[in-house]
Amino acid sequence: MSKEKQHFETLAVRTQTEKTQFLEHATPMYLTSGFVFEDAEEMRASFAEEKERNLYSRFSNPNTSEFVDKVCKLEGAEAGYAFATGMAAVFSTFAALLDAGDHIVSARSVFGSTHSLFTKYFPKWNIETSYFHVNEIDKVESLIQPNTKIIYAESPTNPGVDILDLELLGEIAKKHNLLLVIDNCFATPYLQNPIQFGADLVIHSATKLIDGQGRVLGGVTVGKKELIREIYLFSRNTGPALSPFNAWVLSKSLETLAVRVEKHCENALKLAQFLEEHPKVNWVKYPFLASHPQYRVAKKQMRLGGNIVAFEVKGGVSGGETFFNSIKMCSLSANLGDTRTIVTHPASTTHSKLNDQDKQAVGITNGMVRCSVGLEHIDDIIADLDQALREL
């Protein structure tokens, strides 16, 4: 059976670099910074790109190549490049493709560090951003300017798990000859493939569910070959490359992504349903709850609802403080996508650099909780959150 016809799980397990003379079953770690050449001519031809081979691990490495190859197959992409972190992937993707004077149209609900790029750093190079709210995709076209180059969005969003209609964004981008870049971190390649809906590039923070165990940092951008070529050249010179060891970990992690994410989603839906009925909770948002504002869109473009549940506890600031201080089993952390359930207070952590107006614009309240639902038994997850809520 050709690899093009194999299923997701098989591709994730069986996509490997070529075996060495030792015929190892699992890909070894290539912990080397550089590679040697047979003679001067091979060195010249290799650096002239007349010969395809590994030169230096900032450019490529068998471990990073395997990881990228897997993500490309799972996302349906032509090529990709792996980065040291998810934010390195976001920054490098934009920096490689934008010129001074270019313009971005972005959904307003983006990760706090991405918002800082758009509002604090890119303006230094005369790159401006116009925002649209997640429920106002009909206004996207009105924001497009002659110098607009990219439409950008996360879906589901961080931290409010809002859903954007990727097919509609793809149609708008194609109509205006713009690049559509989607951060697919919360969904992973298993739950959603933005390229199927018209995305040119897809970005992942592999630190999250792709790793899945809170061990390493990593990022990856995949998509059209000609665009990745520009990102590769930029990154080859600026140095945000993923380490071979982290690439090895992430490639192995992809082998269990499907089975892990299935269980994450099963637990998350059960927790969301429980919280929706809890008297100490004001509201709950989870893509596969029928009460979610974009429920139909989520069902159209996602396999399952993901592992993130957003909700608001009663009591505002003091209620949130009491809730977090009462947690016993779950972890208080700013990370997500771990085997361990994590509860986060976005207003004071991941999105703390936003002013009150910006927080309000993306639905972040003082009582909002972002719960990354892990792989513990669901009864134990519910019991811990329930006892913390009962302290309010």
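The values are calculated or read from the model by the stated rules, or taken from the named source; none is laboratory data. These figures come from a predicted structure and were not determined experimentally. Neighbour counts are summed over all protein chains in view; Cβ atoms, including those assigned to glycine, are modelled from backbone coordinates with ideal geometry.
Filtering segment 47-71 to residues that are surrounded by 23 or more Cβ atoms within 10 Å (Cβ to Cβ) and of a type in the set (A, V, I, L, M, F, W, C) leaves F67, V68, V71. Mind checking whether some residue in segment 316-332 is over 20 Å from K263 (Cα atoms), modelled with pLDDT under 95, part of a loop (DSSP other than H, G, I, E, B) and touching a strand residue (DSSP E or B) at 6+ places or on another chain (Cβ under 6 Å)? The answer is no, given that none of the residues of segment 316-332 is over 20 Å from K263 (Cα atoms), modelled with pLDDT under 95, part of a loop (DSSP other than H, G, I, E, B) and touching a strand residue (DSSP E or B) at 6+ places or on another chain (Cβ under 6 Å).
Residue count for segment 319-372, restricted to those that are touching a residue at least 12 places away in the same chain (Cβ under 8 Å), farther than 18 Å from V309 by Cβ and not polar (S, T, N, Q): 6. Taken as a whole, the condition of being crowded, with 23+ Cβ neighbours inside 10 Å, at negative phi and assigned to a helix (DSSP H, G or I) applies to A268. Taken over segment 122-178, the criterion of being among the hydrophobic types (A, V, I, L, M, F, W, C), in contact with a Lys or Arg (Cβ under 7 Å, 6 or more places away or on another chain) and either assigned by TED's automatic domain parsing to the domain that holds Q357 or over 24 Å from K299 (Cβ atoms) (or both) is satisfied by L178 alone. If the condition is being assigned to a loop (DSSP other than H, G, I, E, B) and within 17 Å of A12 (Cα to Cα), then segment 219-255 contributes only E255. Might you let me know whether segment 346-361 holds any residue that is of a type in the set (D, E, K, R) and surrounded by 15 or more Cβ atoms within 10 Å (Cβ to Cβ)? Yes, that holds for at least one residue.
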